[in-house]
Amino acid sequence: MQWISVFYLLVIAFIMLVLFSKISGEKDDTGYMLDFYSHDIAYGVERMLWAEGDVSYVYLMEEGFDLEVGGGDVLVRKDKAFDTYKYRPHEKYGVKISKQEDGFLIEKVIV
């Protein structure tokens, strides 16, 4: 009797583990990614604009995300969801964005 109870307890624990991993594996993290990308890009753009010399970098992003930078705002969107974050603009320099195969080329340009 005791072994049967242990067996059923292990079966139930295994089923719960499988269900939990299935649910947590399908979690949509779009909101987190939008927030992360907007903050990270705004920080990078601000540092780029206020740095000496010509600076540009390629920012790698997952498929389906779109990026707009200008006027002190970074806008990252995916489908209908979006997130914005502000940065400190420079009066002499601006930003030019080009879509690349696996991300965006962000370049510092003279305004």
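In table form, for the structure just shown:
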| item | result |
| --- | --- |
| Using alpha-carbon coordinates, inclination of helix 2-25 to the longest axis of the chain, degrees | 20 degrees |
| Descending principal axes extents, the chain, alpha-carbon based, whole Å | 81, 26, 23 |
| Order by protection proxy (mean Cβ within 10 Å, highest first), peptides 53-62, 87-96 | 87-96, 53-62 |
| Highest-fluctuation residue, Tyr85, Tyr43, Tyr32 considered, GNM on the chain with Cα pairs under 10 Å | Tyr32 |
| Full-stretch length increase - Val111, Thr30 - with 0.36 nm per residue and alpha-carbon distance subtracted | 25.8 nm |
| Length added when fully stretched, Phe20-Asp73, from 0.36 nm per residue minus Cα-Cα | 15.2 nm |
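Values in this text are rule-based calculations from the coordinates and carry no lab data. For clarity, every value in this text was computed on a predicted model and none was experimentally measured. Neighbour counts run over all protein chains shown; Cβ positions are idealised from the backbone, glycine included.
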